[in-house]
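Enquirer: Shown below is the structure under consideration.
Throughout, read-outs are computed from the coordinates displayed, never taken from laboratory work. Since the structure is predicted, the reported quantities are computational estimates derived from the model, not experimental observations. Here the Cβ is made from the backbone with ideal geometry for all residues, glycine too, and neighbour counts use every protein chain on show.
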């Protein structure tokens, strides 16, 4: 290998290592800018939404005087109609022994963690499992019929049936895992927002409604959960009953503590800013410890990257001329 080739290889490896480091830095900067842009957009939309709601309320008040009786609901057609029929069929089977075996308590909990709390989605999940059990083995039988036979063919069809039955649950588990991580990331911001909104004089119900309406982009998981709790509270449930599902679904002790604090404030009243401030400080300390742990793991990973990319380049640059000089000396001595 000649000197130019060694230098080119060293420069290529060094550039690769620098590109990896620059990519990590750019990803971090982009995340920070995206958060700032989302917060600014949410605050700008609040005033526009308030004006729009006032105008809509005025129009609805005027039209309610001369409104005609509502027409009968039209059943959707096409794919939506087929989906609704499947959902109704699944709902009818949910309470049967067969339905309780197909959609067990663990599956229902996964559905709740994914934000699907109505019976319609449970019925669709049941139909999806049955469709996977029937459809995937048929596809495997059609594709593998010409390649395998006998016992292998039966094993292929059985494995396809098991995979079709478990595939909806695997997809739900992946979504639920992302939402659990989202709860961990969003909880400190939710505590700070509630403390700030309480500090400006809003009640607990008003503060939760502001979080649901104006900060959905910043809190996609918790704002949706609070919206469900607000709907249940509006239908007549107590605050404790409406927030109970949020406290028990995600297996997060910090979230349970926040829910207990909200329930106590709603039941007994009192100042909540100082407890929320102390709780937010504790969450931030835990978050710093978590970030330090992630940085430690990232340093170990980057050590491997540097060994693979930067160290060979450094060795080539530093030791390459000496190795080449030794080779020339040995070649001259042989001659």
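Enquirer: Please label the shape of segment 182-288 as rounded, prolate or oblate, based on the square roots a ≥ b ≥ c of the eigenvalues of the alpha-carbon gyration tensor (a/c under 1.5 means rounded; beyond that, a/b larger than b/c means prolate, else oblate).
Expert: Rounded, because the longest to shortest axis ratio a/c is under 1.5.
Enquirer: Something else now. Report the gain in length on full extension from residue 16 to residue 106: 0.36 nm times residue separation, minus Cα-Cα distance, nm rounded to one decimal.
Expert: Gain on extension, residue 16 to residue 106, equals 27.8 nm.
Enquirer: Same structure again: Could you give the distance between the Cα centres of segment 140-158 and segment 210-282, to the whole Å?
Expert: 52
Enquirer: Another question, if that's okay. When a footprinting reagent is the concern and you count Cβ atoms within 10 Å, what order do 240, 274 take, fewest first?
Expert: Lowest to highest Cβ neighbour count: 274, 240.
Enquirer: Here's another thing I want to ask about it. Taking square-rooted eigenvalues a ≥ b ≥ c of the alpha carbon gyration tensor, is segment 132-219 rounded, prolate or oblate, where a/c under 1.5 means rounded and, failing that, a/b exceeding b/c means prolate?
Expert: prolate
Enquirer: Tell me, what is the percent relative contact order of segment 182-288, built from C-alpha pairs under 8 Å that lie six or more residues apart?
Expert: 35
Enquirer: What length, rounded to one decimal in nm, is gained on full extension from residue 196 through to residue 305, with 0.36 nm per residue of separation minus their alpha-carbon distance?
Expert: Additional length available on full extension: 34.9 nm.
Enquirer: Express in nm, to one decimal, how much length is gained between residue 323 and residue 264 on full extension, taking 0.36 nm for each residue of separation and deducting their alpha carbon distance.
Expert: 13.7 nm
Enquirer: From the square roots a ≥ b ≥ c of the eigenvalues of the alpha-carbon gyration tensor of segment 212-261, which class results: rounded (a/c under 1.5), prolate (a/b over b/c), or oblate?
Expert: oblate
Enquirer: How much FRET efficiency would the formula 1/(1 + (r/R0)^6) give for residue 98 and residue 134, where r is the Cβ-Cβ distance and R0 is 22 Å, rounded to 0.05?
Expert: Using R0 = 22 Å, I get an efficiency of 0.90.
Enquirer: Calculate the spin-label point distance for residue 162 paired with residue 178, positioning each point 7 Å from the Cα along the beta-carbon direction, and give it in nanometres.
Expert: Rounded to a tenth, the inter-label distance reads 2.8 nm.
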